[in-house]
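This report concerns only the one structure given below.
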Amino acid sequence: MSKSWALTLKLPKSTFPPRPQPQRRDEYIQRCADDFYKWQAANRPADGTFVLHDGPPYANGSLHAGHALNKILKDIILRVKVQQGRRVSYIPGWDCHGLPIELKAVGAAAGKRMSAGAIRKAARALASKTIMEQMKSFRTYAVMSDWDRRWTTMDPEYEMRQLRLFQKMIGRGLVYRRYKPVYWSPSSGTALAEAELEYSENHISKAAYVKFPVSLDGHAISGMEHLTGSLYAVIWTTTPWTLPANQAVAVHEDFTYHIVRSGDDALLVAEGCLARVAKVLWGEETAPEIIASVKGTQLTRFTYTSVLEGRKANLRPIFHAPFVTAESGSGLVHIAPGHGFDDYLVSRSLGLPVSAPVDNDGLFTEDAYPDNPEKLRGISVLQGGSDAVLKLLGDHVLDVHNYKHKYPYDWRTKQPIIIRATAQWFADVGIIKQEALAALDQVRFVPEAGKNRLESFIKGRSEWCISRQRAWGVPIPALYTSNGEAVMTEESIDHIISVIKKRGIDAWWTDAPNDPAWIHPSLLGRNDQGTPLEYTRGKDTMDVWFDSGSSWTQMDGQADVYLEGSDQHRGWFQSSLLTRVAAMVNQNATSASTTTALGLSPFKTLITHGFTLDQDGKKMSKSLGNIVSADQVMDGSLLPSLKTKKKAKDGANAPVIKDALGPDALRLWVISSEYTRDIVLGEPVLKAIHQSLIKYRVIIKMLTGSMHKSARTSPLTTLDHIAIFQLRDAMEEVGKHYDNYDFNKAFSSLNRWITNDLSAFYIEALKDRLYCVDGGGVLEPIFMGVLRMLAPITPVLVEEAWDHRPAWMKEDPSVLHPLHQLYNSPVIDPSRLTLDELELRADMPTLMKAHAAIKLAAETARENKAMGSSLQCSVVLAVPKDSKSFELFKKYKDDLADMFVVSSVELIGEGPSVENLGVDVWRYDQTFEVDGLELKASVLPPKQAKCPRCYRYVAPEPEVLCGRCEHLVGEAVE
């Protein structure tokens, strides 16, 4: 080539780097997160502020990928709303009280030796330190928030609001104290709520068949006249350690019960259970001898005794209970009201005593075996307790076997819990249940299945155990008389709150036990004996779900969105709803009118996400060692290292360079996932994410290097119009998905547009004009559109791209930062669009079909080594002359070669069956259908020589410029 034409081309020139620059990451995060939050708070209208209320993470330990998933989803929603023109409010919170923090701060053993004040001081220090550490990590995700106004459940102002809420519930009669069974965790030393349990499917219990001697109380049973021994009721239990608390035996009144011979004695077993019991007791070969039968209603006339009660054993009742089934056991159920919820309810109506001879540590007390307390006292009911009880029962034990079944565990300590009667404080959920359910009818759920899940938890709950036996928490403001009677009124609570305001909440534990300052004057006086009344302060604290569930009290109204993991249907979502309904519902008003008037739910929309799984689909857990941190995603350590071209000096190993794409990679993982389900995080997923992110960077580098100011006034071609219409369609689709919280669909739509419409069609077709002609086109509107669509998901990338925009754009104050732009504002001046949009849109499908057919034919030619570049061919479109398609292609004939990126396009009016196109070298055909007609695109050798400047085959002879290039450059370049 005698001349160098490269200098005459407008080749891309961009400072945008191929990968993020770590040294500038903090700066970009500061701009797109902290600074941006302040900007929107000052520049978006205050009316109609969008409130996303934070479900507080627990201030205990380092963050993991699940935390990132949660915070980034919230951030995406907020950024979408700002793009829609709304001001947003997002104030982060932290949940700070409870057992895990207490144990981590002082340890289980040390905590028993420390004062409550010392425990609280240590726990507060740990929580405060953890909050700062977690906040620092959250900010690396480019999450925007009002960090300076963060709240915690241990803030004095927060605790005051919580106590006021509790006070209001007391005034409405929704809180009471009762001695009844609760979930009790010996490993935690406290009562638990249902929401604090998890269930093991592989728990092994020591189950046993045990017999109790029955007294007929003078009633005869036909068939038993010749029985020389005793009659025994056979019960089956998976918790033999509860037998010392036995108070009754339950049967079903509709069952038939058989009396079966067992040596000189007889055993009482339900007919539907006999085969199972006989197999266990006598084997499959021995058929049980039935000597009599009796209905369940008759058995309720009899009584029995328990040998564990010893010498003072009393006759105990046998009664009907509807929950007795024949599906397991013997059809007779051992009733221990102190260790079972159903047992308690059915026994309460009969006035049976509630016994639970087990202490806070899960050890038997001396009441477990009155005749010889030392036999059981101090033995753990979960570790050896069943064996010890069965040993005492001796011959009354018929069989012992291991039994695998579902069993509740403490979700914090991962240890089994027990059901144990203690004196606890409860919130009456039954009274407000209907109002709470009605409130959910006004809520939008994402996904919709979340409504059924939350409703099921509320429907299945009649009360909520809100007291815990720990030092680190908000106190239940109860006073106790010398005989243990609890005193708690609105007035007494009001007085206690006033003291807390003066002395601080820790004073509840650190002040002298008999300090009269805590006693409301109305409670002072003397008893009937003339002795001054004395009170002590209670030691119970509130359930941490009551703590976090009170967070709605910080808001003036409803939050637009609550968003947390799906486990919060039984946790924070539920506690927030119940406390708000309890505080706000007018008990004298109808449910419907109250719900509508007040907006009883604290949230208008409830969004739930799944849990994070490793690449094998296993739930991440410490025990499996498969927890992934957000830092590992951001620093690229989960992916293979980048290959480096540089060789190490002195024979040393080449430096390992991680593919660190920063917070944008983490955020793309979140948006690419179907977050309402459990989400996989591993190398295969991250490789795909990195490919998308690199693709974005390549596109941005091309755009920032190819935009020209002159393009703002250049005429728009048919190709440019199509590109704008495709951009609008993509933005509308992506925006709709954003607004519906379908983020993974937005991600797919964006990628599809970038791949198919932008990269493979418009940019490919524009290159000739862009580099070789006037540098025109609509790249600036596309640049803005791309950044608007990326703004909610990759704000750091958007900030970086904006930093590398062309100098002429930086000098133009009229161009708004893409984060500040309204999503739906025009990307181009409508007056520049001169073609009829409806007409062109109607024609676009046909043009795209021809484009696809030409690409397929060219690819076949390329595979057969007939051609290389698509410019190295000409195209003939064979279209029936009397068809609409012929007129369509004729209308755009001058644009077709550029649009299809070929050197020439010829339109012939004969049908696609014509074979002789005047070329004998090679030809590749591809048919396509339009309006029921079969059209043909034929790819053939070019008709002219290659232009050395633009590479189109339109020059009169080799090494000679084509007419267009000759006109553009003349003899300027030697």
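Structure summary
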read-out	value
Out of Y158, Y209, sole residue that is among the aromatic types (F, W, Y), at pLDDT 95 or above, in contact with a helix residue (DSSP H, G or I) (Cβ under 8 Å, 6 or more places away or on another chain) and outside any strand (DSSP E or B)	Y158
So E811, is it surrounded by fewer than 16 Cβ atoms within 10 Å (Cβ to Cβ), free of Cβ contacts under 8 Å to residues at least 60 places away in the same chain and over 28 Å from S903 (Cβ atoms)	yes
Residues of segment 688-720 classified as within 30 Å of A842 (Cβ to Cβ) and crowded, with 17+ Cβ neighbours inside 10 Å, total	9
Of all residues making up segment 860-896, the number that are under 51 Å from the mean Cα position of the chain (by Cα) and in a helix (DSSP H, G or I)	6
Lone unmet requirement of (1) buried (at least 23 other Cβ atoms within 10 Å of the Cβ); (2) at pLDDT 95 or above for P186	(2)
Search result, residues across segment 420-452 that are closer than 27 Å to V182 by Cβ and of a type in the set (D, E, K, R)	R420, D428, K433, E435
Candidates I291, I318 - the one that is touching a Lys or Arg at 6+ places or on another chain (Cβ under 7 Å), closer than 20 Å to S230 by Cβ and hydrophobic (A, V, I, L, M, F, W, C)	I291
I419 in contact (Cβ under 8 Å) with a residue 24 or more places away in the chain, assigned to a strand (DSSP E or B) and not acidic (D, E)	yes
Residue in segment 343-351 that is in a loop (DSSP other than H, G, I, E, B) and either at pLDDT 90 or above or aromatic (F, W, Y) (or both) present	no
Helices (runs of 4 or more DSSP H) fully within segment 54-133 counting 2 or more residues that are more than 22 Å from the chain's Cα centre (by Cα), buried (at least 18 other Cβ atoms within 10 Å of the Cβ) and modelled with pLDDT under 95	99-106
Any hit, segment 312-333, residues being under 30 Å from G189 (Cα atoms) and touching a residue at least 60 places away in the same chain (Cβ under 8 Å)	yes
Enumeration of residues in segment 297-313 that are more than 15 Å from K375 (Cβ to Cβ) and part of a helix (DSSP H, G or I)	T297, Q298, L299, K312
Residues that are of a type in the set (D, E) and without any contact (Cβ under 8 Å) to a residue 60 or more places away in the chain, drawn from segment 338-353	D342
Residue in segment 308-320 that is over 25 Å from A220 (Cα atoms), assigned by TED's automatic domain parsing to the domain that holds L243 and among the aromatic types (F, W, Y) present	no
Qualifying residue in segment 510-526 (condition: polar (S, T, N, Q), touching a Phe, Trp or Tyr at 6+ places or on another chain (Cβ under 9 Å), more than 18 Å from I170 (Cα to Cα) and in a helix (DSSP H, G or I))	no
Only one of V269, V277 that is touching a His at 6+ places or on another chain (Cβ under 8 Å), closer than 28 Å to V381 by Cα and either at pLDDT below 95 or not in a loop (DSSP other than H, G, I, E, B) (or both)	V269
Tabulated pairs, segment 682-706, first free of Cβ contacts under 8 Å to residues at least 24 places away in the same chain, second among the charged types (D, E, K, R) and surrounded by 22 or more Cβ atoms within 10 Å (Cβ to Cβ), C-beta under 9 angstrom, 6+ apart or interchain	none
First in segment 163-180 and farther than 18 Å from V585 by Cβ, second anywhere and among the polar types (S, T, N, Q) and in a strand (DSSP E or B), Cβ under 9 Å, 6 or more apart	R177/Q424; R177/S467; R178/Q424; Y179/T422; Y179/Q424; K180/T422; K180/Q424
Residue in segment 399-415 that is among the acidic types (D, E), part of a helix (DSSP H, G or I) and within 31 Å of the chain's Cα centre (by Cα) present	no
Residues of segment 147-165 satisfying the condition of being surrounded by fewer than 16 Cβ atoms within 10 Å (Cβ to Cβ) and within 25 Å of the chain's Cα centre (by Cα)	R149
Checklist (1) surrounded by fewer than 15 Cβ atoms within 10 Å (Cβ to Cβ); (2) modelled with pLDDT of 90 or more applied to N527, failing item	(2)
Test: residue in segment 539-557 that is out of contact with any strand residue (DSSP E or B) (no Cβ under 7 Å at 6 or more places or on another chain), aliphatic (A, V, I, L, M) and in a helix (DSSP H, G or I)	no
Matching residues, segment 27-56, being acidic (D, E) and farther than 29 Å from G565 by Cβ	E27, D35, D47
Complete set of residues in segment 23-52 that are in a helix (DSSP H, G or I) and more than 30 Å from the chain's Cα centre (by Cα)	Q23, R24, A42, N43
Matching option when the condition is over 16 Å from H203 (Cβ atoms) and assigned by TED's automatic domain parsing to the domain that holds D265, among H401, H396, H405	H396
Matching option when the condition is of a type outside the set (A, V, I, L, M), surrounded by fewer than 18 Cβ atoms within 10 Å (Cβ to Cβ) and in contact with a Lys or Arg (Cβ under 7 Å, 6 or more places away or on another chain), among N402, N452	N402
Residue list for segment 116-162, restricted to those being acidic (D, E) and on the phi > 0 side of the Ramachandran plot	none
Out of T300, T286, sole residue that is touching a strand residue (DSSP E or B) at 6+ places or on another chain (Cβ under 6 Å), of a type outside the set (F, W, Y) and more than 19 Å from E225 (Cα to Cα)	T300
Residue, farthest from A438 (Cα to Cα), within segment 597-636, restricted to residues that are of a type in the set (S, T, N, Q) and surrounded by 15 or more Cβ atoms within 10 Å (Cβ to Cβ)	Q632
Subset of segment 441-472 (residues that are closer than 30 Å to G189 by Cβ and out of contact with any strand residue (DSSP E or B) (no Cβ under 9 Å at 6 or more places or on another chain))	F457, I458, G460, R461
Residues being over 22 Å from R172 (Cβ atoms), free of Cβ contacts under 8 Å to residues at least 24 places away in the same chain and assigned to a helix (DSSP H, G or I) - total across segment 456-503	4
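The values are calculated or read from the model by the stated rules, or taken from the named source; none is laboratory data. This is a predicted model, so every value here is computed, not measured. Note that each Cβ is placed from the backbone with ideal geometry, even for glycine, and that neighbours are counted across all protein chains shown.
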